[in-house]
Every structure is written in C-alpha cells, then in structure tokens.
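Student: One structure is given below, represented as structure tokens, and several questions about it will come after.
The values are calculated or read from the model by the stated rules, or taken from the named source; none is laboratory data. Remember, predicted model here, so these are calculated numbers, not experimental data. Cβ sites come from the backbone with ideal geometry, for glycine too, and all protein chains shown count toward neighbours. The protein model used for the area step is the full one, side chains on, heavy atoms only, and it has no ligands, DNA or RNA in it. Shrake-Rupley method; radii C 1.70, N 1.55, O 1.52, S 1.80 Å.
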4 protein chains.
Amino acid sequence: MNKGRIKWGMLGGGQGAFIGIAHRIAAYMGERYELVGGAFDVDYDRGVAFAKALELDTDRVYASVEALIKEENKLPKSERMEVVSIVTPNFLHYPMAKSLLEGGFHVICEKPMTMTAAEAEELQELVQQTDRHFCLTHTYTGYPMVRQMKTMIADGEIGEIQRVDVQYYQGWINPFIHEKEKRKSVWRLDPAKSGVSCCMGDIGLHAFNLAEYTTGLQVDRLLSDLNYLYEDNNLDVDGTVLIRMGKAKGVIRSSQIATGEENNLTIQVYGKDGGLKWCQEHPTVLTLLKEGKPLQVFKPGNPYNAQLTMDSTKMAPGHPEGIFDAMGNIYKGMAKAIREEQAFEGEYPTVQDGVRGMQFIEKVVQSNRDGNVWINL
Amino acid sequence: MNKGRIKWGMLGGGQGAFIGIAHRIAAYMGERYELVGGAFDVDYDRGVAFAKALELDTDRVYASVEALIKEENKLPKSERMEVVSIVTPNFLHYPMAKSLLEGGFHVICEKPMTMTAAEAEELQELVQQTDRHFCLTHTYTGYPMVRQMKTMIADGEIGEIQRVDVQYYQGWINPFIHEKEKRKSVWRLDPAKSGVSCCMGDIGLHAFNLAEYTTGLQVDRLLSDLNYLYEDNNLDVDGTVLIRMGKAKGVIRSSQIATGEENNLTIQVYGKDGGLKWCQEHPTVLTLLKEGKPLQVFKPGNPYNAQLTMDSTKMAPGHPEGIFDAMGNIYKGMAKAIREEQAFEGEYPTVQDGVRGMQFIEKVVQSNRDGNVWINL
Amino acid sequence: MNKGRIKWGMLGGGQGAFIGIAHRIAAYMGERYELVGGAFDVDYDRGVAFAKALELDTDRVYASVEALIKEENKLPKSERMEVVSIVTPNFLHYPMAKSLLEGGFHVICEKPMTMTAAEAEELQELVQQTDRHFCLTHTYTGYPMVRQMKTMIADGEIGEIQRVDVQYYQGWINPFIHEKEKRKSVWRLDPAKSGVSCCMGDIGLHAFNLAEYTTGLQVDRLLSDLNYLYEDNNLDVDGTVLIRMGKAKGVIRSSQIATGEENNLTIQVYGKDGGLKWCQEHPTVLTLLKEGKPLQVFKPGNPYNAQLTMDSTKMAPGHPEGIFDAMGNIYKGMAKAIREEQAFEGEYPTVQDGVRGMQFIEKVVQSNRDGNVWINL
Amino acid sequence: MNKGRIKWGMLGGGQGAFIGIAHRIAAYMGERYELVGGAFDVDYDRGVAFAKALELDTDRVYASVEALIKEENKLPKSERMEVVSIVTPNFLHYPMAKSLLEGGFHVICEKPMTMTAAEAEELQELVQQTDRHFCLTHTYTGYPMVRQMKTMIADGEIGEIQRVDVQYYQGWINPFIHEKEKRKSVWRLDPAKSGVSCCMGDIGLHAFNLAEYTTGLQVDRLLSDLNYLYEDNNLDVDGTVLIRMGKAKGVIRSSQIATGEENNLTIQVYGKDGGLKWCQEHPTVLTLLKEGKPLQVFKPGNPYNAQLTMDSTKMAPGHPEGIFDAMGNIYKGMAKAIREEQAFEGEYPTVQDGVRGMQFIEKVVQSNRDGNVWINL
C-alpha cells in the first residue's frame, strides 16, 4: 500500500466549473490528497491550460478517461494516480466509473451515480469484484450535525421512529419553466442529459439519502405525486413522495419551483422518545425535542457531541463551518478508506447509497406515471 | 336592530374549561359583547356557582339549550341574548347550533362544526333559511399576519399559485398512544366523542382551513395516508394528505405523535412570482420570498400592511399579540356582522368553512380506507 | 374586606387612548375587575360619551380626580371604587396617585411613576402610611418567561452573576428628530411633559427595571453617556449606561434612533454557572446556556417551568400569549394583593420599583451632565 | 514580478496548531499559494517531521526566522518564498514581521499584530519603507455579508450613522478564572505572553476592527470599564467601551466570562436612513431595517449583492460558507495585492488596521486604569 498524500485525478471540473472547485477545496482541506492530473475538459487544450494555471504537470492531462487509465497504469505504483473524482455531467458518471474501477482505480463520483438503477447495480457489483473503494459525494452527509443526528438516532436517543419528514425546496427553475424556449437552456430539463427525473433526480434524491442516512432505516415503499407544471414539459420540477420505512411513515417533499427558496433542505425525524430537526441553511444547529423538557440545541465542536461529529469539525465551537467543510469531511472519510485506516461508520457515502438512490428515482417516476400508487423499493 | 353591547351567552365553558376562557377573553377584548348568561355546565348547580363567580344574573343560567332558548325568547328584544357561543364537546355542536338557529339566535361555534358532513350541510342550509350569522372559530385565521398573507395572495403578490404546503405537528398524544389503557383517558381517541378522525379532525382540519383561507383556492382532490400506529387504535394520530387546488399541487402534513412538538402549524405557499411563509409559534413574522431579491419580513402594526391586517392589531409594532388576540379579532368580525357594520372579507370564518372542513375530514378518512386513492372534494 | 369583582376606575384612557385599551383588556382577562367609572378625559363631555359607549353608569364619570374621590367615598363601601388606574400623561401621575392614596384607594399607575425621585419617595412613604396597595405597570415583568428567568436566577441556576446586559432599541423618534419643527409634535421631547429624560425615562427605565427584576440585584453605581443628537434638542434620544450590581458589571443600552427597530428589548445575564437570554419581540423563548452542554430553550406552559411561570400562562404550550397577557398577569397579581390572597414574589411591580426607577433616571441624566462620571444609586 | 502560484512560507502553525490549519486551508482554497517551507515549530525536528507529513521539501524547513530569511534569499527569485505567514504566539509577531519586511518578504500576520502600539507604528513605517504588502488576518472581515454591510454603508444605504453597537461574547475563560491555579494554564491571562489585555486584546479588538471596517468611520474617543473579576487576576476578562466615531456614539461590549457563549460576535449599526445587523454565528444573514418598510434579509451569492460580496462567495445561494471561506477571502485579497492585480477596497486588512487595533488596546486599558475616563484615539 502507498503512503503519504493520495495521488488524485479529476474527470471534468476544469475552468469555470463550480463543482470542480468544491471537490478540490474538499481534497485540499485535509491535506491528504495531491492533484496530479486528469481529463479536466472535453476540449483537451483548454484542459492543458487549466492544468498550467494550477501548475500541474501537463504530461498528466489526458484527452479521455481511457487515455488516463492507459497512461497512468504505465507509471510506477508509487507515482500512479490512486483515486479519480468524476465531476462530469450525469450521463458520463456510469461509463467513467466503470472504466476506472476496471482500470484499478478508486472512484469518487458526483451524484446521481448513474442514469439508471441497472447501471448502478452493475457498478455495485463491479466495486465488489475489483475491491476498489467507491465514494458518492452526497455532500450533506458530511455536515457535523447531520452526523450527530445519525449517531443520536442510532444510539436510541429518540426511540423507535414514528414519522420522517424531509423537505428540499429550491426556486431556481421558476424563471425558466413557464416558457418553452427558456426551458431549453436548462440541461436538467432535458431527459437525455438528466435521466428520467429533474427535481426528484437532482434534489429529491438528497432528501431520500438524508432520510436513510440519519435514521438508519430503509424506505421500503413509496407513492409519489409529481408536478410537471406543463404538459409539454418532460421532467418533474416538483413533487411529494409518501414513504414507509419499516413501521415508520413519512413524506419527502421536493420542489424547484418553490419560488424564492435557495437551498432549503430540512429534515425532521420523530420517535417514541423524542424528535430531531436540522436545516441545511443553518447547518450548525441541531434541535432535540423531548416531551416535557426544554428544547436542546446541539452545536458543532462541543465535546458533548459524538466522536464522528467531533472528528468532522476543525475549529472551536462558534466558528461556523460550511458546505466545503462538509464535502471535506467526505473526502477525509474516503482518504481513510484508501489508506486502510479505521474510519467511522457513515463517514462517506458508498456505491450502495448510489444504488438506493437510483432505485428511488426510478420508482418515484413509476409510481407517479402509474397513477400515484404504492411501489416497493 | 339592537345597539350597544351585544348580549351574549355561552353553552359550556364553565369552571375549569380552558376553551371557555379563550372565548370570554376574545369577547371582552373588543368591548362589544356582554356576557348575560348561558348553560355553562352539564351540572346545573355548578353552572350557577360559576355564574355567581362571574357576578352574572343567575336567573339567566339554564339547564339546557332548550331552556335557554325558551326563556330568553320571553325577554324583550333589547334584553334578550343575541348570540350564543358553543364551546361544548364536539358531538353537541350540531344539535345545539341547530336549536339556536331555529330559535332565532346568531351562533358562534367551536370547530369541528359537526360530527359529519351531512350535519354541516344541514346547518349551512339552516343559516340561509334563518338569516342568522354563524361564526366558526378557526382561531388561526384571526392572526394579523395570516390575514396579511391572504390579502397579499389575493392582490397577486406571489402570482399564480404552484405549491401549497401546510404542516400541523404536535406531540401530545405520544405519551398515551403506546398503551391501550392510557389511550382510554384521551377522549379524542374515542370515535363516539371525536367522530371519524382524531388527528385530521382536530388539527389537520386547521391546516386545511388555513390552506383555503390564505390562498383563496379550494382543495378539489385529495389522497391521504393516515397512521393509526397500532391495529387496535381506532383513530388516526398522524397523516399526510396530497392535495390539488386547481392547478396547484400540495400537501397537508399533520401529526400528534411528532414527539416534542407543541403547536407547530406552519404554512408555505409558492407562486409564479414569489413565496410566503408563516409559522404559528412565531406569529408576528411573515416572510415574503422573491426571486433575485432579499427576503422581506412583514410584521404587524406597520402601515405597509393591508387594512384588514392593521385592523387586527391593537398596539404599535414590536408589541407581540398572541392567540387570544387572534380569537378576539374573529369575535370582532362577528360583532360587525351582527351589528350590520362593514366587515372585511374573511374577518371571521363562516358555516361554509365548516362544511368544507367536515367534507375534508370525511374524504381524508375515506381515501385512506380505500387504499390511499384520489377522491374529489 | 370586599369580595367578588374588584370595583375599578380609571383616570385617563378615554376615547382613542391605546394605553387605556391595554389596561382594560388586562383587567378583563382575569375576570377579577369591574370597571365602574372614572375621569376618562380632560373634556368631561367626551368622558361621558366614552362611558356610554362602554355602557357604564354615567353618574360615575367624573370631571377630576378630586370629584372622583369625593363622590366615590359617599357610596357604601361595597359599591365604592376600590382601585384606580392612572393612565394619564406622566406629569399627572404623582398628584393623582397622592390624592388617591390619601383618599383611601389602591392605585395602579403607569410608568414613569412620577416626574422626580423626590415625588417617588413621597409616594412610597404615603403607601406605607395609608396601607394601600400600589402597582406600577412595568408590563414586561408580566411575561411568563421573564418570570421564569427571575425564578431560575433566584434558584441559583446560573450561579453568582458576572455580567448583565440589557438593550432597549426603538427607531420611532428618528423621523422627527432631525428637524426642529417636527420635534415639536413629539411630547416625549418636551421636558415639561416628559421630565428630565426622553429615551432613558421612557424605555431605558424598562431596561433598568428588567435588570433588577430578573437578577434580584440592585444597580448601585452607574456612569452614563447620553446622545441628544442636536444641541438644540433638549432631551436624550439614545444612550449607554455602565452599571455595577454588587460584584457584577454590566451595561444598559437604549435608543429611540435605532432606525427600523420596533420594540427590541433584550436581556442577557451571565453567571458563574450559566447564562440566560430573552427578547421581548419573541417572548415565548428563554434560552439557558451552560458550559459544555447543549443550549436549552424554555417555553411557556410546560410543567418544567416554575409555579409563577405556570400561573402566568392561560393556554397549553405552543399557543403564544403576548403583551396584553403580560399586562393581564400584573393585574392578576394586584388583584390577589387587593383581595389579600397569597401572591407570588414579584407578581406585580410596586412603589419601590417606582422609586428605584425615578432615581435611575435622575442619576443617569446627572452622570451624563457631569461628564460621564460614576454616581451612586 | 513573479507569476503563477505564490511561493509561501509559515512561521509557527506546526503539528497540532489549529490556527495553522486555518491559514493553510485559506491559502489552498483559492489555488493561488504554494506552501514551500517555513519555521513551523520551536522544536526544529518536530518542524521537519511536520514538513514531511505535508510532503514538503525538508531543506526549506528552518530553525528560525533569521535562517529562513538568509537561506531563502540565496535562492533565485523565481523559487524564493514571496510571502510568509506569522501564526506564532503574540509576542513573536513584531520581531518576526520586522525581520521579514527588512528581509524583503511580504507578510501575512495573525492578530494582535504586536504587543504595543509603538511596535505597530514601527511596522507601519517599515511597510512603507520596504514597499512590501502586509496583511493582518482579521478573519471576520472576510465574510461576504460583512463586506456587503461595509459596501451598503459606504453607498449611503443607511445614511449618516447615529449609533454603533458591537458585541463579542465568549464564555471559555469561565472554567479557569475562579481559581488561581487554573488561571496559570491559560496563556492569555499571562501579561508576558498576552500583553496588556486579555479580553479586549483578543476579541474586543475584533469588535473594534469590525466597527471601523463596516462603517468606514474611526473611533476617535473612548471610555472603558474593564472587569478583572479578581484582584489577583492580572488581565481583563470582560469589559464595556463607550465610543465616539465622529458624530456617532456607540459601544463595544466584550466578554470571555459570558458563560455558555461560544463565539457570539454581533454588530448593529443604525443611521438616519436605516439599520444593518449581522451575527457571526449565522454569517449568511444580513438584516436591513428601514422605517416603515418590511425587514430585508440579504444572503450571499445573490446578484443583488455588491461585486465584492459576490467575489467573496464560491457557491450558489443557500450553500453556507463559513469561517475558513472568510479567511480564504482575505488570502485571496492579499494574493491580488502581491500579484499587483486590481483588488477591491477592503479586500484584506492591512498594517494600518494593526496600528489602529494596538492603539485601541492600549487606550482601553489606560482609560480603565485612569478611572474610566475619556481618551482620544
């Protein structure tokens, strides 16, 4: 096994790509990754220019994932890229991840993991076969107080769960959705690029993931009601999903036409012995509700938190960490896996989360198409 | 027509009844009602004692609604009770309201208005026939910022409505629900006293009413998913209802097992041109969301508010008014109606709201029983 | 001693007077007072018209406090007014209170109690001599969570106090202060009507009162820095006061030119073992801070509260009560005193609070005038 | 002038130093700095080990600032360190900064800049003489909404300023202050390491800096009241400072014994035409108050913000950035200065801010010692 900084590459994420910045900052934060190359841009020359700006070795800028795999594998093991992050458009996730795994690389992949559940299941099998690590960047699971919520629920703090309610509201599609011409400028509304769902595939998926991550339960049945707003619009922009998680009932609510909302992801979980609430736009606040007791507000960095929570914060209490820090925590978890160190349960999302997510998207669309009926997941 | 203070009576609301206190304070606030008598208690003597404590004329304490009607109608018109508030258990609302209307009295009635939709429709007809005023005390519609929300939506501030989301979460049934013996102590869990629904009939109803009140739209279809938690529990304690309001889609979420929640009624409405959010536990805050603009927070007492809002506040900005003041605003609206003064649209809920509400409850239970299917309302 | 409803009168508070409404609602709430008459208006005829609107006996409308005292004392004791509320402009508080006490009446008085500390001390002596009850309506001490804060501090929850910080910010004078002509329309800026101070006398006083009420400590030294904004403006509109309360140090901050603020009264008290924070604009929230523990949020109506707190709430948790309810709690405390029932410590502010307050105002003005120096209180 | 990544070194910040992590992450974020070496640790061998862990060239680990200057200056200009960050204990800031400036290096320095105002003034002169760039890491000025506040005030949004109020409350010294033995474990309470002040020098300084940064005004007079809590404690742990900023009056409140507070830095500024409020623990919220208008809440990433604000955010609205991002924004501003690019006014704090700050600390201590008197600044 290698030691020291993990040699790391990227697919996509070149000049002007916000998501590339997020991944690089996340990787830099823990000082455990070294960016050595990648295929940053569909335009090879632009990729080279980008690498120069970052002062990377331009020999390790590649025109394709295939070239990357071929050339990197020629390098001695100690210099070779060990893990590659895929931050390209959605439809490229699956083929790239497949090639990388088969080529012997660990993979960090943006969500949604694939375009279909079948592809996701294939990747899952491949991960097992190749014995590679696979990290899916469900960023919100990297927030300390989300991890605290997960831990407290696992520890029985709120008892058997009775109700789960997750909301993910944004408004950004509203300016585009009402005119057919304007819709064309939004790739997420194009099935060829986005898959079978827009709103549910993009953000409903996060809500679903957060529900399963924090509760430790699985959604086993669902009934969805999607809103396309216009008949000639091909993908959902809003929807509500009734869910069953074992004995618990709940609801996932998601919208991209909640006009004026920015990134309002909120989760409320209630059990026999208490409730827990968290909201992404104020991520340092976790509220615990108990019958007949004052509300309790948990905040990061305080030693009353679980070890995983403490390990997900870099500063003293009262110094807010944000979305980049959350992503950084996920990269940190993956680094531990790659270096075969002891990681915490749930320190980074895996290919299993990706399979669950893709199944969720497909079932949600199917339930709605079939007339808002229950479907097993 | 009479002048001066409105002669007012009560059915129920005697010693120790919290709801009676709420109605009396509401009536006192505007200095437009004078409590002259009533049938305060099933135990006549206790009712008399109660009247003495309030220094009322004990001649006008009655053993029954029938006695009240008979005796009051013997008095000269200028002294006679003009309006009677019904604050008894649910199953008495309908027969009492019926008798009062037929006896020539205006009626103020607690919700739910009746036990069945059929009874509600009968009352609606009777109100028309008798030309009496009927006020249903959906208290939350009395809050200034709820009225502001209604007015802003009616004025087109957020444009055509796209998504409606109302939550009403409480946790108070949790301590009782898990043991059959304990359940018996909760009358709301007894179909004989509560009707066909517990959670939806009690608080889901408020959420429904608020959705229709603020948007000015009607719920025309619904699909519900109720939670009884135990097979041997007869009434729902939690549920989610998918709704359609014309072209808008939405959801009503309600629970009495959201452990630790007190009275968390929250409404979010999003339209083409903006969104509006309000929460009952912080009732002085109304948030307006607009694409590409800072959030705006509206607060009571400020002249930028609509006239109905201004008329629903007694103090300068920054002096919080609460639930009693909201109820007082409804009593004030009803007083205007009784005295045939110009009232604002929506200044008090009417028998029509009661009919809508009872239909809602029945359809919600039916949809769930039939397997979570769509039903027209 | 009398029984039943307390016969109650008012000086001032006639047609259009907001403060009169607040006092009447407060009195009605507990159903312990009966308004029987008063001198409602400097214009006698307008006072009579007002009494008619309230359906009072116009024989008991008086042209002056002297007439009231003389005539009421002719009535049999069981019918006679027992207590009188003074809600006139500030300069009338002292002579009216004096006459009433000497005339044998209990007194409820708006703040500031007098125009000078000397007058206040005189009233204090008179209260003792006459053995009458005297209630000063420092409304904010009537909020349940303020009372909870007082009780928790008294119980040692936060240990010995180290720092006290009270803020009272409003912005309402800003539109008037910048032009000499406009200032004339504001009676609070006129020393003849307002006394030696505007901002400190009106609202700084509340902040001071809250500091002493909640901590149980007395301000024994102060150093003030007032802001008159313009040389030709006679009274302060803003200021900061350094305070000492025994070993604790602190600060009172008050402004009427904090543009855009409504009624932002906030108190923070920190002791060796914790801190407590409360804000008037969200009065149902009391936050307890403890080293190394999650924040705790106390809310009204929950049985974990102290008995005085519980007794200051009429509804179940989650049903917000507001400023009228706070005033109602003070009237309730005074009613207990008048009827010689067991009241809680601190259930209504007394003439002692008034003396403290008037001394505070005078010392604050003196400290500033003398060049921001320390003065004993 | 050099191009590409800025060659960057550190003094201090080795293994286990939190502040070192903050600076490195800040430098990594913008991808403009390359850490090439430094004197990371007083223990040279530990510094080397640390460098190895970061995979740095151990030839460029130095035993002292002198060695660093000497050796780096032997390197060709294109390889040589260009800027050095000083993150050592306070008393080393001045001598190190002096040597670095004289040695030809740009300097990034933690606050407080020096131990005395005289040292600070000397550095200021030296910066001019050497024509080097000097960045003082007052982190809070890097938050987007602080920058937005500064810009809005400069643009006249709230008019001429009337009142300034800054609070910085922490509770972390409380567990140590009450026992003499425990105090010894806190270096900030040791004058030899901390200088003339603990609380004011550490966090009151930030409050002062924020007041001047956001308003564009200077504190020209002050009167302070410090709290040492015990006679045998040498440095302040709490205090209040009355301030004058031209015609505006205000107050700085600071405490390290506000038990239970984490890092509660809050600023409120009120002008003739409005007010602005911001709180560090929820840094994405900036509230604008205007007479007679709804509150407005500004949030990062929205195009309605000023260009400097937009340039200080990396993500779309609703994705919270935190304290590391704020520090990153300051490093970004310094990078622009080093590379002689167009920077925004106020994009990083300079040696002038350091001089102001050191004068503030000295005057605050002097005012208190002289009996809480006014002192010019």
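Student: Can you name the residue in region C:79-101 that is in contact with a strand residue (DSSP E or B) (Cβ under 6 Å, 6 or more places away or on another chain) and open to solvent by 10 Å² or more (accessible area, probe 1.4 Å) and, of all such residues, is nearest to C:TYR28 (Cα to Cα)?
Tutor: C:GLU82
Student: Can you work out which of the residues in region A:172-191 that are assigned to a loop (DSSP other than H, G, I, E, B) and over 21 Å from D:MET315 (Cα atoms) is nearest to the other protein chains (Cβ to nearest Cβ)?
Tutor: Once the filter is applied, the top-ranked residue is A:HIS178.
Student: Now a separate question. Select from region B:229-240 the residues that are under 24 Å from the mean Cα position of the chain (by Cα) and within 10 Å of another protein chain (Cβ to nearest Cβ) and list them in ascending order.
Tutor: Correct list: B:VAL237, B:ASP238, B:GLY239, B:THR240.
Student: Looking only at residues in region A:13-23 that are open to solvent by 10 Å² or more (accessible area, probe 1.4 Å) and not aromatic (Phe, Trp, Tyr), which one is nearest to the other protein chains (Cβ to nearest Cβ)?
Tutor: A:ILE21
Student: A follow-up question, please. Residues of region C:246-275 being crowded, with 24+ Cβ neighbours inside 10 Å and more than 9 Å from every other protein chain (Cβ to nearest Cβ), which ones?
Tutor: Within region C:246-275, C:ILE252, C:SER254, C:GLN256, C:ILE267, C:VAL269 meet the criteria.
Student: Let me ask you something else. I'd like to verify a number: residues in region C:250-290 that are in a strand (DSSP E or B) and either touching a Phe, Trp or Tyr at 6+ places or on another chain (Cβ under 8 Å) or not charged (D, E, K, R) (or both), how many?
Tutor: As a first pass, look at region C:250-290 and keep what is in a strand (DSSP E or B): C:250-255, C:264-271, C:274-279, C:286-289.
Imposing the further condition that a residue be either touching a Phe, Trp or Tyr at 6+ places or on another chain (Cβ under 8 Å) or not charged (D, E, K, R) (or both) reduces the set to C:250-255, C:264-271, C:274-276, C:278-279, C:286-289.
The total comes to 23.
Student: Hey, any hits in region B:198-209 for a residue that's among the charged types (D, E, K, R), away from every other protein chain (no Cβ under 14 Å) and either touching a helix residue (DSSP H, G or I) at 6+ places or on another chain (Cβ under 9 Å) or within 25 Å of B:ALA27 (Cβ to Cβ) (or both)? Let's see the steps before the verdict.
Tutor: Taking region B:198-209 and keeping what is among the charged types (D, E, K, R), we get B:202.
Those still in the list that are away from every other protein chain (no Cβ under 14 Å) too: none.
The answer is no; no qualifying residue exists.
Student: Here's a follow-up. List pairs: first residue in region A:205-216 and of a type in the set (Gly, Ala, Ser), second residue open to solvent by 10 Å² or more (accessible area, probe 1.4 Å) anywhere in the structure, Cβ distance under 6 angstrom, at least six positions apart or on different chains.
Tutor: From region A:205-216, the pairs are A:GLY216/A:ALA154.
Student: For the subset of region C:123-156 comprising residues that are in the same structural domain as C:TRP278 (by TED's automatic domain parsing) and surrounded by fewer than 19 Cβ atoms within 10 Å (Cβ to Cβ), which member is nearest to the chain's Cα centre (by Cα)?
Tutor: Among those residues, the one meeting the criterion is C:ALA154.
Student: Restricting to region C:291-331, and then to whatever is assigned to a helix (DSSP H, G or I), more than 9 Å from chain B (Cβ to nearest Cβ) and not aliphatic (A, V, I, L, M), can you tell me which residue is most open to solvent (accessible area, probe 1.4 Å)?
Tutor: Among residues in region C:291-331 that are assigned to a helix (DSSP H, G or I), more than 9 Å from chain B (Cβ to nearest Cβ) and not aliphatic (A, V, I, L, M), the one most open to solvent (accessible area, probe 1.4 Å) is C:GLN307.
Student: Related question: I'd like the full set of residues that are open to solvent by 70 Å² or more (accessible area, probe 1.4 Å), among the β-branched types (Val, Ile, Thr) and either farther than 14 Å from A:MET10 by Cβ or assigned to a helix (DSSP H, G or I) (or both), limited to region A:40-78.
Tutor: Answer for region A:40-78, where residues must be open to solvent by 70 Å² or more (accessible area, probe 1.4 Å), among the β-branched types (Val, Ile, Thr) and either farther than 14 Å from A:MET10 by Cβ or assigned to a helix (DSSP H, G or I) (or both): there is none.
Student: Considering every residue within region B:224-232, establish whether at least one is crowded, with 17+ Cβ neighbours inside 10 Å and among the aromatic types (Phe, Trp, Tyr).
Tutor: The answer is yes, given that some residue of region B:224-232 is crowded, with 17+ Cβ neighbours inside 10 Å and among the aromatic types (Phe, Trp, Tyr).
Student: If A:GLU160 passes every condition in (1) more than 11 Å from every other protein chain (Cβ to nearest Cβ); (2) over 20 Å from A:THR266 (Cα atoms); (3) open to solvent by 10 Å² or more (accessible area, probe 1.4 Å) but one, which one does it miss?
Tutor: Evaluating A:GLU160 over (1) more than 11 Å from every other protein chain (Cβ to nearest Cβ); (2) over 20 Å from A:THR266 (Cα atoms); (3) open to solvent by 10 Å² or more (accessible area, probe 1.4 Å) leaves (1) as the failure.
Student: Condition (residue is at pLDDT below 95 and of a type in the set (A, V, I, L, M)) applied to region B:227-237: is it met by at least one residue?
Tutor: no
Student: Could you tell me which numbered condition D:SER85 fails, if it satisfies all but one of (1) assigned to a strand (DSSP E or B); (2) over 17 Å from D:PHE40 (Cα atoms)?
Tutor: (2)
Student: Something else: Please verify whether A:ASP238 is within 19 Å of B:TRP374 (Cα to Cα) and acidic (Asp, Glu), treating the condition exactly as stated.
Tutor: Yes.
Residue-wise test of (1) of a type in the set (Ser, Thr, Tyr); (2) over 30 Å from A:ASP232 (Cβ atoms).
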{"position": "A:MET149", "(1), (2)": "no, yes"}
{"position": "A:ILE153", "(1), (2)": "no, yes"}
{"position": "A:GLY159", "(1), (2)": "no, yes"}
{"position": "A:TYR168", "(1), (2)": "yes, no"}
{"position": "A:GLY171", "(1), (2)": "no, no"}
{"position": "A:HIS178", "(1), (2)": "no, no"}
{"position": "A:ARG183", "(1), (2)": "no, no"}
{"position": "A:VAL186", "(1), (2)": "no, no"}
{"position": "A:LEU189", "(1), (2)": "no, no"}
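Student: Condition test on C:MET334, is it under 30 Å from A:LEU295 (Cα atoms) and more than 14 Å from chain D (Cβ to nearest Cβ)?
Tutor: no
Student: Report, by residue number, each residue of region B:332-348 that is acidic (Asp, Glu) and either on the phi > 0 side of the Ramachandran plot or open to solvent by 40 Å² or more (accessible area, probe 1.4 Å) (or both).
Tutor: Scanning region B:332-348 gives B:GLU340, B:GLU341, B:GLU345.
Student: Pull up region B:29-39, narrow it to residues that are open to solvent by 10 Å² or more (accessible area, probe 1.4 Å) and free of Cβ contacts under 8 Å to residues at least 60 places away in the same chain, then point me to the one that is farthest from B:VAL84 (Cα to Cα).
Tutor: B:GLU31
Student: Of the residues D:VAL351, D:VAL355, D:VAL365, only one is touching a Phe, Trp or Tyr at 6+ places or on another chain (Cβ under 7 Å) and either buried (at least 24 other Cβ atoms within 10 Å of the Cβ) or farther than 28 Å from D:VAL285 by Cβ (or both); which?
Tutor: Residue meeting the stated conditions: D:VAL351.
Student: Condition (residue is touching a strand residue (DSSP E or B) at 6+ places or on another chain (Cβ under 9 Å) and more than 25 Å from D:LEU289 (Cβ to Cβ)) applied to region B:288-300: is it met by at least one residue?
Tutor: The answer is no; no qualifying residue exists.
Student: Every residue in region C:102-122 that is assigned to a helix (DSSP H, G or I) and buried (at least 24 other Cβ atoms within 10 Å of the Cβ), please.
Tutor: C:ALA120
Student: Separate question: Tell me which residues, restricted to region D:168-185, are open to solvent by 10 Å² or more (accessible area, probe 1.4 Å) and either in contact with a Ser or Thr (Cβ under 8 Å, 6 or more places away or on another chain) or over 21 Å from D:THR139 (Cα atoms) (or both).
Tutor: Hits for region D:168-185 are D:GLN170, D:PRO175, D:PHE176, D:HIS178, D:GLU179, D:LYS180, D:GLU181, D:LYS182, D:ARG183, D:LYS184, D:SER185.
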